[in-house]
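Engineer: One structure, pasted below without further comment.
The numbers here are math on the coordinates, done by the rules we state, and not lab data. Note that this is a predicted model, so its numbers are computed, not measured. Reconstructed Cβ throughout: ideal geometry from the backbone, glycine too, with neighbour counts over all protein chains shown.
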DNA sequence: CGAATACTATTGAGATCGCAAGGAACTCTA
DNA sequence: TAGAGTTCCTTGCGATCTCAATAGTATTCG
């Protein structure tokens, strides 16, 4: 083992860079989204997933799976969104265990207001460092990693 | 905008996948590292950075920069590592503001014990989903994103 | 020199998350 | 149909992180 310099395997190196890239991009984007629209990254992602779902409704379990969040994480995330009136609960007639999260009109408006700014910020950040082709490739590779 | 299906730009899509990939890989690797060696991911990364530094010493500010962590985050991270005896403080003779974090022998041993398991886990996880070439490419692309 | 500015580090407060535990509801099977 | 096992959701707890404020030290420059 050399005194200085990285003696990493490609996989370890890639993972370390994933950690750094996540931390730096999220710090940058999160602060803007929160300051300008009062939404955390996960708030935004949840609203986004709901807005694309059939009937703007999703089971809480499904939301947890897609956000890679624990059950308690979803409960607390939705607590906040419900308190803000952006999401409402709905019960399932055929299975009393499940609760749905439904995007309200107010939530759809909030998402609409935030989406433009946020998507521009994301694109600007990535495009400052990567070419269009590289962004495409990055997305494909990251998409192959486990979702749950 | 279609009722269903993703209508994302490549950049937004890549960023969303970065969020998911980070969440799922970190959840998996973090629980193992913590259970087997009592270290969080950031604990491990900090020890790793120190072990590769000249004299196994790094300014706290430098550690914050490399870990993409806030100043207070570094203070509390090192609080824990100091309490465990894995890292010790050292003062700077030429600048009384700065404090160094130095890896102790005990810290080097702890890192040595954890490194094999953790690196194998990282490699196994990535290799389950990506080819060697893809891992290489992923590392290169992520490395181009901002470090701070 | 001395005031203004910048840098380093810590602390308190608040937000977020996971794990473990527990209750309620569903499914399977004998 | 009764019990066992599973699934869904919530809550208490602890860990971790950021932001804002604070204090001490360095540096810059008129």
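Engineer: So what does log10 I(q)/I(0) come out to for segment A:5-84 at q = 0.12, 0.16 Å⁻¹, using the Debye formula with one equal point on every Cα and no solvent?
Structural biologist: Taken in order of the listed q values, log10 I(q)/I(0) reads -0.48, -0.73.
Engineer: Something else now. Rg (Å, one decimal) plus Dmax (Å, integer) for the alpha carbons of segment B:83-137?
Structural biologist: 17.9, 50
Engineer: So, in Å, what gap is there between the alpha-carbon centers of segment A:89-121 and segment A:39-59?
Structural biologist: Using only Cα atoms to place each centre, the spacing works out to 5 Å.
Engineer: Next question, about the same structure. For residue A:96, place a label point 7 Å out from Cα along the Cα→Cβ vector, do the same in each other copy, and report the separations in nm, one decimal, smallest first.
Structural biologist: Those label-point separations list as 7.0 nm.
Engineer: Hey, another quick one. Determine the calculated [θ] at 222 nm for chain B from helices alone, applying -39500 (n - 2.57) to every DSSP H run no shorter than 4 residues and normalising by the residue count; nearest 500 deg cm²/dmol.
Structural biologist: Working: 6 runs with 96 residues, N = 148.
So the calculated ellipticity at 222 nm is -21500 deg cm²/dmol.
Engineer: Run through the other copies and list how far each one's label point is from that of residue B:79, in nm with one decimal, shortest first; the point sits 7 Å from Cα along Cα-Cβ.
Structural biologist: 2.3
Engineer: Another question, then. For segment B:33-137, build the convex hull from the C-alpha positions and give me its volume per residue in Å³. The partial results should precede the final answer.
Structural biologist: Values: hull volume 12.7 nm³, N = 105.
Expressed per residue, the convex hull around the Cα atoms of segment B:33-137 is 121 Å³.
Engineer: With N residues in segment A:26-68, what two-decimal value do you get for its Cα radius of gyration over 2.2 N^0.38 Å?
Structural biologist: Values: Rg = 11.6 Å, N = 43, 2.2 N^0.38 = 9.2 Å.
Ratio of Cα Rg to 2.2 N^0.38 Å: 1.26.
Engineer: How high is the FRET efficiency from residue B:76 to residue B:102, r the C-beta distance, R0 22 Å, rounded to 0.05?
Structural biologist: Details: r = 18 Å, r/R0 = 0.81.
So, using R0 = 22 Å, E works out to roughly 0.80.
Engineer: Give the nm distances, rounded to one decimal, from residue B:61 to the matching residue in every other copy, measuring between label points 7 Å along Cα toward the beta carbon; shortest first.
Structural biologist: Values, ascending and in nm: 5.2.
Engineer: Can you name the chain B residue with its Cβ nearest the rotation axis from B to A, and give the distance in Å as a whole number?
Structural biologist: Spelled out as residue then distance in Å, it is B:22, 2.
Engineer: Taking chain A as the reference, fit the longest principal axis to its C-alpha atoms, fit the long axis of helix A:105-127 to the helix C-alpha atoms, and give the angle between the two in degrees, 0 to 90, nearest 10.
Structural biologist: Long axis of A:105-127 versus the principal axis of chain A: about 10 degrees.
Engineer: Where the Cα atoms of the protein assembly as shown are projected onto their three principal axes, how long is each span, largest first, in whole Å?
Structural biologist: 63, 39, 37
Engineer: Helix A:10-37 versus the longest principal axis of chain A: what angle, 0 to 90°, nearest 10, using Cα atoms?
Structural biologist: Long axis of A:10-37 versus the principal axis of chain A: about 50 degrees.
Engineer: Quick one: angle between helix B:41-52 and the longest Cα principal axis of chain B, in degrees between 0 and 90, rounded to 10, please.
Structural biologist: In chain B, helix B:41-52 runs at an angle near 60 degrees to the longest axis.
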